[in-house]
Amino acid sequence: MNEILSQEKSIYIQIREMIENDILRDILLEEERVPSTNELAKAYAINPATAAKGVNLLVDEGILYKKRGIGMFVAAGAKEKIAARRRERFFDDYVKSLLREAKSLGITREELIEMLRRADEGGKTDE
């Protein structure tokens, strides 16, 4: 967790996303202990209650669970849950809006697929 907090989003949401990112990147593995709210608060110079709010979101979603007296741990299947939720959000936030914009510009499915191929190849154009 070497990220810097920004002013763009609520801090507790950023804490949640940083933990999720560490799980997706295999920095935090299933059944591994996550930093405590006090450790997070100290690392980011934030209120422990704010850190707890972010951690508790993950508990509510079944991403983390509490071992009494020991701390919070990554739940089994957490990585898959996070990835599935983010794929759905990616579809809703990016793919649907991309298709709407392409349709409004008269871009065909084939042209769009070709644009995606070009972008994947580093943006090379035939022009």
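For K42, state whether it is in contact (Cβ under 8 Å) with a residue 24 or more places away in the chain, open to solvent by 90 Å² or more (accessible area, probe 1.4 Å) and assigned to a helix (DSSP H, G or I).
Spelling it out, it is not the case that K42 is in contact (Cβ under 8 Å) with a residue 24 or more places away in the chain, open to solvent by 90 Å² or more (accessible area, probe 1.4 Å) and assigned to a helix (DSSP H, G or I).
Those residues that are charged (D, E, K, R) and either assigned to a helix (DSSP H, G or I) or in contact (Cβ under 8 Å) with a residue 12 or more places away in the chain (or both), I need them from segment 2-24; list them, please.
Result: E3, R16, E17, E20, D22.
Of the conditions (1) at pLDDT below 95; (2) open to solvent by 50 Å² or more (accessible area, probe 1.4 Å); (3) out of contact with any Asp or Glu (no Cβ under 9 Å at 6 or more places or on another chain); (4) not in a helix (DSSP H, G or I), I27 fails just one. Which one is it?
(1)
The values are calculated or read from the model by the stated rules, or taken from the named source; none is laboratory data. On a predicted model such as this, the values are computed, not experimentally measured, just so you know. Please note: Cβ atoms are built from the backbone with ideal geometry, for glycine as well, and neighbour counts cover all protein chains shown. Calculation scope for accessible area: heavy atoms of the full protein, side chains included, ligands and nucleic acids excluded. Shrake-Rupley method; radii C 1.70, N 1.55, O 1.52, S 1.80 Å.
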